[in-house]
Amino acid sequence: MAYLVISLLSGLFPAIVVSRFNPIDVVKGTIRLRSKMWFSKIFIVAQSVISMSLVVMAITMMLQMRHLANIPLGYQTKDILCVSTTFGFDNVDVRNVALIARLKSLPEVEEATAIGNNPVISFANGVHDEKGENLAFLRLSVLDSIAMKMMGFKVLERYSDPTPGKIWVSEEAKRTFGVSSKKPYFGNREGKPEYEVCGVVKDFHCGDALDEFKSDKFGNHNAIRVPSNHDVLWTILVKTRGDHAQALSAIQSACKQVAKEQLGVPTDMDTEYLDDTLADALKEKHNMMVLIITFMGISILISALGLFGMSVYYGNQQRRQIALRKVMGASVTDAAWQLSKRFLITSCVAVVIAIPLCVKLMQEYLIGFKYRIDFPWWTLVAGAIFTLLLALVSVFSYTLRTALENPIDSIKME
């Protein structure tokens, strides 16, 4: 179907254009100039619209990616490594103790402890009312006091000792559930408090920069649960020092040795820095940005070459007219402007057409992010200025050369 439509248009459009030619103009040869300039205007407008759109989108993407990369998490990720153990369910605690002791003995390791979930990869638990209906969700990280200190969580209030099973709530969760020193609990399960709160920590972010977890009703709220005896801790949180590659190599080797001692098989364990985990989440968006920037560069090159080619053609066509203007007293600047203004005016038309298109594209792009920048209106101005400068630079060199020619030579050539 698409093939038939394209074939029909490719034959119909030229036929309509040719049918409108005046036979007298064809005989005189003036039809060539008119048709060339008509097509050149369409070409210049189309190329300028595409170039400006790509420039604006590239700037917007770079701003958004920088914003995502610098989102305040509320905790530290520098030099923090996660080791996913392969110990299974049997004697996990004993094997974790052996692995932690081995890791702490390494000069590249500053601290290590067993955890359930870190804030980047947390899980959701429901908050229920007296009827057992779900009110909201808690994004829970399972961390002990050592892990909280390693990651730099700031404790704002402390109601009781952080005994196993109790939780630290964020400032936002405290406000939402009405937690206080007189009411250090919330939720209801079989007539008893569902969550006992030992204190409040400064607000922090759960998930990666693209995380869009939503609950049915009241949203999700962040909290940290102290590991209990029922928890199976399959992750070792490690704070390293020095070179990351060297530390990673030493840790992987130690993990393989402990696995051989505990399991009889020197299995590899997955190890990854939290910074790398966060960066990997943005990789797809980053690749898209690189692709857009590549297309932008190609489009700008084609647009510049097209404008230059049109200026060469138009300058040759208008050489005699420019020569006569100079003979009548016009300056070189006036002559160059006469050649350039048509292209600049056409580029201005393209800017007017491109602005609403750019606004729509930017809105559609940014709406896909939960954590997005404010609409960058200034990028429209930057894109418009860039488009006009591109047109001016592309045509000015040849138009100036044409304007500087000896008018007598130009008239003789005609």
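What follows draws every value from the coordinates through simple rules; no lab data is involved. Only a predicted model underlies this, so the values are computations on that prediction, with no experimental measurement involved. Reconstructed Cβ throughout: ideal geometry from the backbone, glycine too, with neighbour counts over all protein chains shown.
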What ranking, highest mean first, results for peptides 243-249, 88-94 when packing means the other Cβ atoms within 10 Å averaged over each residue?
243-249, 88-94
Checking rank on 358-369, 196-207, 149-160, with mean other Cβ inside 10 Å and highest first, the result is 196-207, 149-160, 358-369
Can you grab the distance from the C-alpha centre of the range 238-265 to the C-alpha centre of the range 94-152, Å, no decimals?
20 Å
What is the range 221-271 by shape, rounded, prolate or oblate, if you read a ≥ b ≥ c off the alpha carbon gyration tensor as root eigenvalues and call it rounded for a/c under 1.5, prolate for a/b larger than b/c, and oblate otherwise?
oblate
Relative packing of 167-177, 185-195, 344-354, which averages over residues the other C-beta atoms within 10 Å, highest first:
167-177, 344-354, 185-195
